[in-house]
Structure formats: structure tokens, C-alpha cells
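The values are calculated or read from the model by the stated rules, or taken from the named source; none is laboratory data. These numbers were taken from a predicted model, which means no experiment stands behind them. Using ideal geometry, Cβ is built from the backbone for each residue, glycine included, and neighbour counts are taken over all protein chains shown.
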Amino acid sequence: MKILILNGPNLNLLGKREPGIYGSRGFEDYLAELKILFPEVELSYYQSNHEGDLIDKIHDVGFEWDGIVLNAGAYTHTSIALQDAIRGVNTPVVEVHISNVHQREEFRHHSMISCACVGVICGFGLDSYRLAIEALKTLTSPSQQKGNKIVAKKKEENNK
Ligand code: DQA
């Protein structure tokens, strides 16, 4: 199973940036722990401060990989282009945030990308990423996929 962790603007500064909100651990260090926790998952990591780079990366992996864990940083609250990119690919995308954005400034309460993602995890510190990987593993497991098909069939029948 192949999962991409995609971090957006300013997340390269994790560990140094506003540690009271984002903690004092750098992402590379945390990534090493994730790789130990999920030996069965091929975990890849990419960070960019540029919207277009993030979109290119979603296009690159979004038709073949099993999942994307996306922390779009501040682009979460502004980017229709990222929403379109997520809608444009098949790979399920989980939106994550380290902080609980709903306890913060009002402009962080709205996400432009949630509606295109399979789910949202926020507020658990760096552990939000682990929870997102767990969610993707469950979502793409064969028994869950069977369950999804049953739900889809029921919906179809209800719409008749
Ligand atoms: C963030 C929350 C965003 O509002 C902010 O712009 C970030 C980080 C988080 O992980 O909590 O850069 O996505």
C-alpha cells in the first residue's frame, strides 16, 4: 500500500514555528517514527510552500497510489485549485491539521478542501497524521470496500 504525506506552506518549519501551537518536533523526525509504526505501508513525504507544486504532486500520485494525507496549511482556507485537484483524481485524500482549527481564528474555521476529501482529522498534534493513515488503511481494506459497495447499493435502491 502506497501513501503520500503531503505538507503545504510553512510546514517545513515544524519544530521551530509557533511551538506552542505546532509543537517542538520536526516533521522528518516524526516521519521516521511513522515508518516504524507502519512497516507494511510504503510512506512517501513531500513538502512545498507553493500551491502549484502541491497540485502537481496530487496529479502525479492521484491515479495510482492508495491514499494521500494532506495538510495544506493556509491553502486549506483559500485554495479552490487544490479542491479541484483533489476532485480530479481517484486516490482518497484525508485532510489533516495539527492544531484544532475550530478553536482558533475564525478564518481557519472554513476549509475549501474538506468537501473534496474523504474525511478530516484535526487537533491531535502530529498524531493527526497517524490517525489519517489508520483511516486510509481501513478505508482501502477489502472488507471495508465490500461494506462501501453494500452502502452504495442501498443508496441506489433508495433512490429508485
Ligand atoms: C494547519 C492549520 C492552518 O490553519 C495553518 O495555516 C497551518 C497549519 C495545522 O496543521 O494546524 O499552516 O494546517
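Which residue, of PHE38, PHE27, is closer than 19 Å to ALA132 by Cβ, more than 13 Å from the ligand (Cβ to nearest atom), aromatic (Phe, Trp, Tyr) and surrounded by 15 or more Cβ atoms within 10 Å (Cβ to Cβ)?
On the way: PHE27 fails: more than 13 Å from the ligand (Cβ to nearest atom).
When all the criteria are applied, what remains is PHE38.
Scan region 124-160 residue by residue and report those that are modelled with pLDDT of 75 or more, out of contact with any strand residue (DSSP E or B) (no Cβ under 7 Å at 6 or more places or on another chain) and outside any helix (DSSP H, G or I).
Pass one, region 124-160, residues modelled with pLDDT of 75 or more: 124-142.
Remaining after also requiring out of contact with any strand residue (DSSP E or B) (no Cβ under 7 Å at 6 or more places or on another chain): 124-127, 130, 134, 137-139, 141-142.
Correct list: PHE124, GLY125, LEU126, SER141.
Which one of ILE121, ILE98, ILE113 is within 12 Å of the ligand (Cβ to nearest atom), surrounded by 15 or more Cβ atoms within 10 Å (Cβ to Cβ) and more than 25 Å from ARG25 (Cα to Cα)?
Numbers: ILE121 fails: more than 25 Å from ARG25 (Cα to Cα); ILE98 fails: more than 25 Å from ARG25 (Cα to Cα).
After applying the criteria, what remains is ILE113.
I'm told SER24 meets every condition in (1) part of a loop (DSSP other than H, G, I, E, B); (2) of a type outside the set (D, E, K, R); (3) closer than 30 Å to PRO142 by Cβ except one. Can you identify the failing condition by its number?
Tallying (1) part of a loop (DSSP other than H, G, I, E, B); (2) of a type outside the set (D, E, K, R); (3) closer than 30 Å to PRO142 by Cβ, SER24 fails exactly one: (3).
If you go through region 36-81, how many residues are closer than 23 Å to LEU126 by Cβ, out of contact with any helix residue (DSSP H, G or I) (no Cβ under 6 Å at 6 or more places or on another chain), assigned to a helix (DSSP H, G or I) and of a type in the set (A, V, I, L, M, F, W, C)?
Residues in region 36-81 being closer than 23 Å to LEU126 by Cβ, out of contact with any helix residue (DSSP H, G or I) (no Cβ under 6 Å at 6 or more places or on another chain), assigned to a helix (DSSP H, G or I) and of a type in the set (A, V, I, L, M, F, W, C): 5 in total.
Would you pick out the residues in region 1-24 that are within 12 Å of the ligand (Cβ to nearest atom) and under 17 Å from ARG104 (Cα atoms)?
Passing the criteria: ARG17, GLU18, ILE21, TYR22, GLY23.
How many residues does region 1-21 hold that are touching a Leu at 6+ places or on another chain (Cβ under 6 Å) and in a strand (DSSP E or B)?
So in region 1-21, the residues touching a Leu at 6+ places or on another chain (Cβ under 6 Å) come out as 3, 6, 8.
Checking which are in a strand (DSSP E or B) leaves us with 3, 6.
Summing the residues that are touching a Leu at 6+ places or on another chain (Cβ under 6 Å) and in a strand (DSSP E or B) in region 1-21 gives 2.
It is to be established whether one or more residues within region 76-91 are within 15 Å of the ligand (Cβ to nearest atom), exposed (fewer than 13 other Cβ atoms within 10 Å of the Cβ) and within 16 Å of LEU11 (Cβ to Cβ).
Taking every residue of region 76-91 in turn, none turns out to be within 15 Å of the ligand (Cβ to nearest atom), exposed (fewer than 13 other Cβ atoms within 10 Å of the Cβ) and within 16 Å of LEU11 (Cβ to Cβ).
Could we say that LYS57 is in contact with a strand residue (DSSP E or B) (Cβ under 9 Å, 6 or more places away or on another chain), more than 9 Å from the ligand (Cβ to nearest atom), touching a residue at least 40 places away in the same chain (Cβ under 8 Å) and more than 19 Å from ARG130 (Cα to Cα) here? Full working, then the answer.
Working: in contact with a strand residue (DSSP E or B) (Cβ under 9 Å, 6 or more places away or on another chain): yes; more than 9 Å from the ligand (Cβ to nearest atom): yes; touching a residue at least 40 places away in the same chain (Cβ under 8 Å): yes; more than 19 Å from ARG130 (Cα to Cα): yes.
Here the answer is yes, as LYS57 does meet what is asked.
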